[in-house]
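Working notes, beginning with the structure itself.
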């Protein structure tokens, strides 16, 4: 049985770390440390983002599932990612994993599904506050940084309430040789959801963790009735939207 490679990455100094022959992480920051950990033990509850693969590897492009989601999702209640061969958008809410395919319908799936990219955390909000009505998704990044009082490292994010002009997307499963992610996204299926109550979840990844997660604010979402969802393209906050954040100590990345 192959023992998974596990690396912890937190803010320190620039470093390049080889996780496996197929996965290279390059972290460019004022402060980054990578500490190998072969024990598979958990860090402090909710303090580390548990991750499979890296965003840089995904866009290389490499959509092959590295390992089951369960390898990193134990105890996680909030997260996102995709599935083997880029087969739909993954949304982890309340400890339940959903897949949103090109039909736009969220379906519960087991954690035995394999993934090339997953980020999850046991979400324990440190700080919460209202989002000003009319705030667009494009402006949520500034709101997250302000609430977290930080524009470095990684922050887990939950935004929930009523949104207007909520727009999500999904992409179809791919087959090798894989096309670049930008080319696949150009043919994405877009869902114009209009005004809906929804929960949006994800992570704010700063430049000091470049290459680990999607840069900036990356959100996937589900409507309150679990009838629709996907990767969030745009939204406008209504009068009842609340933003909650959790500042993580760093990212622990697993590769097969």
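Throughout, read-outs are computed from the coordinates displayed, never taken from laboratory work. Since the model is a prediction, treat every value here as computed from it, not as a measurement. Note: ideal-geometry Cβ built from the backbone for every residue, glycine included; neighbour counts use all protein chains shown.
Structure values in brief
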read-out	value
Cα→Cβ-extended label distance, 7 Å offset, between residue 190 and residue 146, nm	2.8
Per-pair calculated FRET efficiency, R0 = 22 Å: residue 60 and residue 139 via Cβ, rounded to 0.05	0.15
Point-to-point label distance, residue 8-residue 84, nm (Cα→Cβ direction, 7 Å offset)	3.2
Neighbour-count ranking [beta-carbon atoms within 10 angstrom, fewest first] of 178, 98	178, 98
Computed label-point distance, nm, for sites residue 197 and residue 74 using a 7 Å Cα→Cβ extension	3.6
Potential extension, residue 124-residue 164 segment - 0.36 nm per residue separation minus Cα distance	11.7 nm
If the convex hull is drawn through the Cα atoms of segment 49-133, its volume per residue in Å³	124
